[in-house]
Structure formats: C-alpha cells, structure tokens
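Chemist: This structure is in structure tokens; I'll ask about it shortly.
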Amino acid sequence: MVKSNRGTKLLLYIFVGAVAIYLLLPLLMIMLTSVGSGSASKFPPEGLTLKWYANLSEQTQFLAAFKNSLIASTGAVLLALITGTLAALAIVQYPFPGSGILRGFFGSPMVMPKITLGIAYLILFSKMHIAGGLFALILGEAVIVLPFVLTLVGSALANLQPAHREAAADLGAGPLRIFFTITLPQLRLSLLLSGSIAFVFTFDQVEAALLLLRQDSYTLPIQLFLYMEKWQDPTIAVVSVVLIAFALALFMIIKLVLRSVPGLESLFGGRKNKRRSGS
Amino acid sequence: MNRIAERIVNLYSFGNRTWVTRLLLLLPALALMGIVYLGGLLIFGRYSFDMYENGKLIRGWDWGAYRAFLSDPYYWKLIGTTFRIAFKVTLWSLMLAYPLAYCIAGLKKPGMKQLLLLLTFLPLLVSAVVRSYGWQLLLSKQGFMNWLFIRLGLTEEGFSMIYNETGVVVALVHIFLPFMVFPILNVLSQSDASLKAAAQDLGAGSWRTFLTITLPLSARGIASGVQIVFTLCLTAFTTPQLIGGGRVMTLPVFIYQRTLDTNWPMAAVASLFLLVSSIVVSLLVNKGAEMLMFRRSRKGGQAYG
C-alpha cells in the first residue's frame with residue numbers, strides 16, 4: 001500500500017495510542033475504584049478491598065432495576081421488531097404514493113431530542129393514566145427504536161430477490177406462507193442486528209425513562225443516575241463493573257454471530273482486509 | 001387454458017387485496033406512532049401556548065413563552081452555552097477520530113485492527129451514566145487527573161475540571177467519539193487504494209497524497225460524523241447534568257428542570273427550539289459538504305483540461 005515516511009507513521013501510532021488510553025481510562029478507573037477502600041473520588045486508593053462487592057448484594061434495588069431494564073428493553077425491542085417489520089413489508093413490497101413521507105415520519109424519532117420525547121410521553125401517559133409503569137416505557141421506547149428496525153429490515157427487504165417470492169406464488173403458496181417460508185428466513189440477520197442495536201440503545205435510555213417512571217419501576221440507568229446525584233460511594237463503581245462485563249459479553253456474542261455470517265464482516269472492515277492481503 | 005384463467009383470477013384478486021394487505025401491515029406501526037409519538041408531541045406542543053404564572057399552569061392560547069424565550073438574554077446565554085459546547089466537542093472528536101480512523105483503515109494485521117475496533121466501540125456499549133461516573137472519578141479535585149498533573153508539576157493545587165464546561169466537554173468527546181470514527185472509517189475503507197498509488201507514482205509525497213487524495217475523498221464521512229456528533233451534543237442530557245452538577249446549564253438540562261417545576265410551556269418552547277436547531281445544523285452541514293466536494297471536483301476537471 002502507501003509508502004509513508006517512518007516519522008509520520010510513528011507519530012500517528014503514538015497519537016492513536018494516546019486516544020486509546022483516553023477511551024479506556026474511565027473504564028479502568030471505575031474498575032480500580034470498585035476494589036479501593038477509601039472514598040471514591042480520591043486517587044490513589046488507600047487499600048484494596050472487596051467489601052463494596054459484598055455491599056452490592058445488600059443493595060436489592062439494583063437487582064430489581066436490572067430486572068426492570070431487561071423487561072422494558074425486551075418488550076420495546078419486540079414491539080418495534082413486529083410493528084417495524086410489518087411496516088417495512090408494506091412500504092417496500094407494496095409501494096404506494098406517499099410511502100416516502102411515511103418512511104420519513106417513522107424515522108423521525110431518530111432526530112427528535114430524547115428529552116423532548118420524555119416530556120411528551122410524561123404528559124401523554126399521565127392523561128392516559130398509565131404513567132409510572134413499565135408498560136408506558138415499553139410503548140415509548142418502541143417508538144424510539146422503530147427507526148433502526150425500519151432502516152435495517154427495509155434495506156434487507158429491498159435487496160431480496162422477488163423471483164423467490166414469485167416462484168413460491170406460482171407453486172401455489174399464499175402470501176402468509178410466502179412470508180413465513182421465504183421472506184422471514186432471509187430477514188433473519190437484519191432482524192437480529194437491528195434487534196441487538198435497539199436493545200443496547202434502549203437499555204441505556206435515561207431521558208425517556210427518568211420522568212416517566214415511579215420508584216418501584218426504575219430501570220438500571222435511572223437507578224444509577226439518581227444514586228450518582230445523591231451519593232458517590234464505590235457501590236456504584238461495582239454496579240458499573242458488572243455492567244461493563246455485561247457489555248463485553250454482549251459484544252462477544254454479537255461478534256460471534258457476525259463471524260458466522262460472511263457478508264457482514266465487511267461492515268467492520270475485517271473480511272475485506274483479509275481478502276485483499278490474501279490476493 | 002384452465003391454468004391461464006386461474007392465473008388471471010389470481011392476479012385480479014391479488015390486485016384487489018393489496019390495499020387491505022397494505023393497511024393491515026401498516027396498522028400496528030401507524031397505531032403506535034400515531035398515538036404515542038404524534039399524540040404525545042401534539043399535546044406537548046399544545047402546552048407551549050399555555051401560560052405559567054406563580055407556579056401554576058393556566059390554559060390558553062398565548063405566545064408568552066415564545067416571546068420570553070426569544071427576548072430574554074438569559075435564554076440566549078443558555079443557547080450560546082449549548083452551541084459552544086457542541087462546537088467544541090465536535091471539533092475535538094474530529095481531531096481525535098480522524099487519525100484513529102485513518103490508522104484503523106490502513107492497518108494490515110487483522111489482529112491489531114480488531115483490537116483497535118474493539119477499543120473504539122467498547123465504550124459505546126457501556127451506559128452513558130457509567131462513563132460519566134468514570135469521568136467524575138477521573139476529573140474530581142482529588143482524582144487521578146489532578147494527581148497526575150501535580151506529579152508532573154503542572155499545578156500545585158490541582159485544576160478544577162468538574163462541575164464546569166471543561167469536564168463536560170472532555171466527557172462528551174469520550175461518549176460521542178465512536179459516532180465520529182464510524183462514518184470516517186466507512187468512507188476511508190471504501191475508497192479506492194489505486195488512487196493513492198497513482199498519486200505516488202506521479203511523484204506526490206505522502207503528505208501531498210493525503211491532502212489531495214485521502215482528505216477530499218473522506219469529506220462525506222467527515223460531514224456525516226460532524227452532523228451526528230453535533231446534533232447528539234445539542235440534545236445530550238445525562239452527561240451535562242451529571243458532570244455539570246447543575247452548574248453547566250445547557251438547553252436539555254434547562255428543559256428537564258422546567259419540567260420538574262411543571263413549567264411546561266417553557267419546556268415545550270425550548271424543546272421546539274432544540275429540534276429546529278438540530279435540523280437546521282444537519283441541513284447546513286450537508287450543504288457545506290456538498291459545496292466543498294463540488295468545488296474540488298471542478299478544480300480537478302480544470303486540471304485535466
């Protein structure tokens with residue numbers, strides 16, 4: 001490839017190394033704090049201890065919040081996947097005048113400030129007398145992640161071969177049968193991908209949930225957010241470490257899934273590179 | 001004959017059913033978006049015309065909140081702070097993200113590449129609250145950064161980096177950096193390597209190749225990165241609230257506080273302003289990038305002619 005002079009290259013590597021440290025530093029700091037014995041904000045920590053981990057097992061509110069988060073995110077993602085896939089089918093397979101406007105409308109929550117949506121939800125759901133619970137949050141979050149599903153599933157649908165469907169129809173399959181035996185299996189990957197992106201996204205939502213939820217239905221980010229505003233003891237570092245481990249596990253799972261599907265790795269530049277160096 | 005007739009019947013009934021099918025398919029999404037999203041926003045918008053006096057909401061049709069928002073210098077200061085922070089964060093993330101993306105795109109060893117990609121995208125999977133907490137630990141008065149600065153002899157008492165704009169910017173750059181790296185990396189890894197080789201065959205040095213080939217080709221990626229990061233910054237709430245500790249007032253933080261004391265008209269007007277400005281910024285950045293690329297390609301054309 002490109003010959004560039006040694007000095008510039010070295011400088012680039014040093015710079016990238018520094019950026020990498022910047023990216024990792026907060027996470028490392030949290031890990032260190034979680035095993036430190038003094039107050040959280042003091043560096044260097046005075047000694048090492050696992051007492052905060054023991055303390056966590058007494059803080060049942062975090063476990064409950066984690067459960068709430070799982071319920072809310074799963075619910076919202078499922079709702080968005082179902083409504084989004086059906087809408088994408090209508091827009092891509094049976095296009096009609098004005099479908100572009102509809103697509104724009106369905107995609108617009110992406111640019112909407114989340115804090116605005118949070119307040120709009122609060123007012124709406126208060127009027128409907130369902131504010132405070134997880135059901136309201138599921139409805140609200142589903143709107144927020146619908147654009148991910150619509151974009152990814154919509155583009156996958158547009159890339160499908162209509163010949164497959166036509167062949168099935170010629171052989172006498174009804175529309176439902178065509179959907180379940182031909183279309184859905186081919187959408188598997190984009191459903192999985194948009195589902196996992198949407199899941200990660202909703203799991204971390206603060207703005208929409210902060211105003212909407214009652215104390216017994218707090219999700220994990222809300223619980224952490226409010227805990228952080230009040231106290232700053234290392235218990236929150238322990239919770240964060242658990243969350244980081246969770247994120248790492250999720251990343252590994254996604255990576256494994258991606259590896260099993262050859263075409264997709266080019267999205268991350270991995271496969272394309274391999275092919276180039278091989279040739 | 002029979003089969004042809006059947007086909008015609010099939011075609012006909014299929015055509016008849018499309019409207020029903022389409023409507024049935026769209027119905028769930030339309031219901032969700034219509035009631036929850038549009039309904040919520042309309043009710044919220046309606047509140048922007050109410051009045052708020054002495055802690056009480058009064059129903060009505062009034063431009064009071066709009067007038068107050070646009071005429072009071074306090075709100076302009078707020079808007080200024082929000083835009084200044086967004087501008088600083090965008091600039092810093094571009095400066096950090098470009099070399100990182102360039103390096104990742106140019107790496108030939110898959111292992112090294114995977115590692116850098118993991119480092120770049122791992123923070124994205126960790127909650128913004130958690131990352132803000134990490135920065136709070138790092139930037140606090142007795143935290144690691146000040147410990148380091150004192151050791152290095154840069155300061156004796158330590159800088160105050162938390163509960164002010166510096167802290168908010170440092171933490172926001174960390175949170176939005178991946179959103180800048182991804183579009184740039186995407187463009188860089190798709191661009192044609194033979195163009196670079198051609199430039200070098202023609203005798204251009206590595207810097208010249210970079211400035212005349214690589215950088216202009218990545219304008220599209222830079223534009224979408226800038227667009228994403230800037231609008232995300234304008235509407236960021238968690239980090240300014242936690243790292244700013246109530247002392248850095250940005251529009252989202254302000255909106256949140258107005259909601260807590262049920263001043264919904266003001267919250268609605270400020271939200272509307274936020275929405276309009278992020279759309280305007282997106283359009284401007286798009287236009288700017290198009291103009292830049294257009295001028296470049298014309299220049300290229302003249303050089304050939």
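Chemist: Restricting the calculation to Cα positions, tell me the Rg (one decimal) and the Dmax (whole number) of segment A:89-218 in Å.
Modeler: Just the Cα atoms of segment A:89-218 yield Rg and Dmax of 18.2, 57 Å.
Chemist: Which of A:9/B:196; A:42/B:141; A:255/B:108 have a Cα-Cα distance over 18 Å? Write down the numbers at each step before the final one.
Modeler: Working: A:9/B:196 16 Å; A:42/B:141 8 Å; A:255/B:108 20 Å.
The answer is A:255/B:108.
Chemist: Using a 10 Å cut-off around each Cβ of peptide A:21-34, what is the average number of partner chain Cβ atoms that fall inside? Working shown, then result.
Modeler: Working: counts 1, 6, 12, 4, 7, 17, 6, 3, 10, 9, 1, 2, 6, 0.
What the average comes to for A:21-34 is 6.
Chemist: I'd like the trypsin sites (Lys or Arg not before Pro) in segment B:65-127 restricted to DSSP loop residues with at most 12 other Cβ atoms within 10 Å, sorted by number. Intermediate results must be reported in sequence, preceding the final value.
Modeler: On the way: sites: B:67, B:77, B:84, B:88, B:108, B:113; in loops: B:108.
The qualifying sites are B:108.
Chemist: Same structure again: Round to a whole number: what % of the accessible area of segment B:151-202 belongs to carbon and sulfur, probe 1.4 Å?
Modeler: Numbers: 1410 of 2610 Å².
It is 54 percent, rounded to a whole number.
Chemist: Would you mind computing Rg(Cα) / (2.2 N^0.38 Å) for segment B:53-210, counting N as its residues? It would help to have the intermediate numbers written out before the result.
Modeler: Values: Rg = 22.8 Å, N = 158, 2.2 N^0.38 = 15.1 Å.
Cα-based Rg divided by the globular estimate yields 1.51.
Chemist: Give me the angle, in degrees from 0 to 90, between the Cα long axis of helix A:114-127 and the longest principal axis of the Cα atoms of chain A, rounded to the nearest 10.
Modeler: 80 degrees
Chemist: Over all alpha-carbon pairs of the protein assembly as shown, lay out the pair-distance distribution in 20 Å bins, whole %, shortest bin first.
Modeler: All Cα pairs considered, the percentages come to 18, 49, 29, 4, 0.
Chemist: I've got another one for you. Within 10 Å of each Cβ in B:140-152, how many Cβ atoms from other chains are there, averaged over the peptide?
Modeler: Working: counts 6, 2, 7, 6, 10, 3, 1, 3, 1, 0, 0, 0, 0.
Shielding by partners across B:140-152 averages 3.
Chemist: For the pair B and A, how large is the buried accessible area, both sides, in square angstrom to the nearest 100, if the probe is 1.4 Å?
Modeler: On the way: alone 19810 and 17650 Å², together 29100 Å².
In total, chains B and A hide about 8400 Å² from solvent.
Chemist: Chain A: D in µm²/s via Stokes-Einstein (Kirkwood Rh, Cα pairs, 20 °C, 1.002 mPa s)? All intermediate terms of the calculation are to be shown ahead of the outcome.
Modeler: Values: Rh = 22.3 Å.
The calculation lands on 96 µm²/s.
Chemist: Whole number in Å², please: accessible area per residue of chain A, 1.4 Å probe, ligands, DNA and RNA not counted. Please list the in-between numbers first.
Modeler: On the way: 13450 Å² over 279 residues.
Accessible surface, normalised per residue, equals 48 Å².
Chemist: Defining a contact as two alpha carbons under 8 Å apart and six or more residues distant in sequence, what relative contact order in percent does segment A:1-98 show?
Modeler: Numbers: 26 pairs, mean separation 11.9, N = 98.
Contact order relative to length: 12 percent.
Chemist: Dimensions of segment A:169-241 along principal axes (Cα, Å, largest first)?
Modeler: For segment A:169-241, the Cα spread along each principal axis is 67, 26, 17 Å.
Chemist: Would you kindly work out the equivalent ellipsoid of segment A:116-176 from its C-alpha gyration tensor and give its semi-axes, the square roots of five times the eigenvalues, largest first in whole Å? Walk me through the intermediate numbers first.
Modeler: Values: eigenvalues 321, 42, 10 Å².
Sorted largest first and rounded, they come to 40, 14, 7 Å.
Chemist: Give me a single rounded figure for A:80-86: the average over its residues of other chain Cβ atoms within 10 Å of their Cβ.
Modeler: 4
Chemist: Summing +1 for each Lys or Arg and -1 for each Asp or Glu, what net charge is found among the other residues whose Cβ lies under 15 Å from the Cβ of residue B:125?
Modeler: Numbers: positive: A:255, B:131; negative: A:204.
Net charge around residue B:125: +1.
Chemist: Hull surface divided by four, with the convex hull built on the Cα atoms of segment A:1-157: how many nm²?
Modeler: On the way: hull surface 69.4 nm².
Value for segment A:1-157: 17.4 nm².
Chemist: Follow-up. Mean projection of the alpha-carbon convex hull of segment A:76-158 over all orientations, in nm²? Intermediate values should be presented prior to the final figure.
Modeler: Values: hull surface 22.7 nm².
Value for segment A:76-158: 5.7 nm².
Chemist: On to the next question. So what's the projected area for chain B, the Cα convex hull averaged over all directions, in nm²?
Modeler: Working: hull surface 115.9 nm².
For chain B, the mean projected area of the Cα convex hull comes to 29.0 nm².
Chemist: Sticking with this one: Keeping every protein chain present and rolling a 1.4 Å probe, give me the accessible area per residue for chain B in Å². Please report the intermediate quantities before stating the final value.
Modeler: On the way: 15650 Å² over 305 residues.
Per residue, chain B has 51 Å² of solvent-accessible surface.
Chemist: Can I ask one more? Using Cα centres only, tell me the gap between segment A:2-62 and segment B:46-60 in whole Å.
Modeler: 47 Å
Chemist: Please compute the contact order of chain A in relative form: average sequence separation of alpha-carbon pairs under 8 Å and at least six residues apart, divided by the residue count, as a percent. All intermediate terms of the calculation are to be shown ahead of the outcome.
Modeler: Numbers: 243 pairs, mean separation 77.6, N = 279.
The normalised contact order for chain A reaches 28 percent.
Chemist: What does segment A:54-105 give for Rg and for Dmax, in Å, if only its C-alpha atoms count?
Modeler: Reported Rg and Dmax, both Å: 19.3, 61.
Chemist: Can you list the residues of segment B:122-138 that have at least 30 square angstrom less accessible area with all protein chains present than in their chain by itself, probe 1.4 Å?
Modeler: By number: B:122, B:125, B:126, B:127, B:129, B:130, B:133, B:135, B:136, B:137, B:138.
Chemist: How large is log10 of I(q)/I(0) for segment B:153-274 at q = 0.16, 0.21, 0.23 Å⁻¹ when the intensity is taken from the Debye formula with one equal scatterer per alpha-carbon?
Modeler: So the normalised log intensities are -0.86, -1.09, -1.19.
Chemist: Let me ask another. Mind telling me which of A:125, A:246, A:148 comes out most flexible in a GNM of chain A, alpha-carbon contacts under 10 Å?
Modeler: Among A:125, A:246, A:148, the largest mean-square fluctuation in the Gaussian network model of chain A belongs to A:246.
Chemist: Of the accessible area of segment B:46-127, with the probe set at 1.4 angstrom, what percent is carbon plus sulfur? Please report the intermediate quantities before stating the final value.
Modeler: On the way: 3000 of 4370 Å².
Carbon plus sulfur share of accessible area: 69 percent.
Chemist: Hey, can you list the DSSP H helices of chain B whose Cα span along the axis is 27 Å or longer and whose average Kyte-Doolittle score is at least 1.0? Intermediate results must be reported in sequence, preceding the final value.
Modeler: Numbers: long enough: B:2-32 (45 Å, 0.57); B:73-106 (49 Å, 0.81); B:165-190 (37 Å, 1.64); B:264-304 (60 Å, 0.68).
TM-like helix candidates: B:165-190.
Chemist: Most fluctuating residue of A:65, A:169, A:249 in a GNM of chain A with Cα springs under 10 Å: which is it?
Modeler: A:169
Chemist: Take peptides B:34-43, B:188-197 and line them up by average Cβ neighbours within 10 Å, highest first, as a rough protection proxy.
Modeler: Numbers: B:34-43: 18.2, B:188-197: 15.0.
The densest-packed peptide leads the list: B:34-43, B:188-197.
Chemist: Pop out the carbon and sulfur fraction of the accessible area of segment A:179-260 as a percent, whole number, probe 1.4 Å.
Modeler: Working: 2430 of 3560 Å².
Percent of accessible area from carbon and sulfur atoms in segment A:179-260: 68.
The values are calculated or read from the model by the stated rules, or taken from the named source; none is laboratory data. Just so we're clear, the structure is a prediction, and the values are computed from it rather than from any experiment. Virtual Cβ from ideal backbone geometry, glycine too; neighbours counted across all protein chains shown. These accessible areas exclude ligands, DNA and RNA; they are computed on the full protein's heavy atoms, side chains included. Shrake-Rupley method; radii C 1.70, N 1.55, O 1.52, S 1.80 Å.
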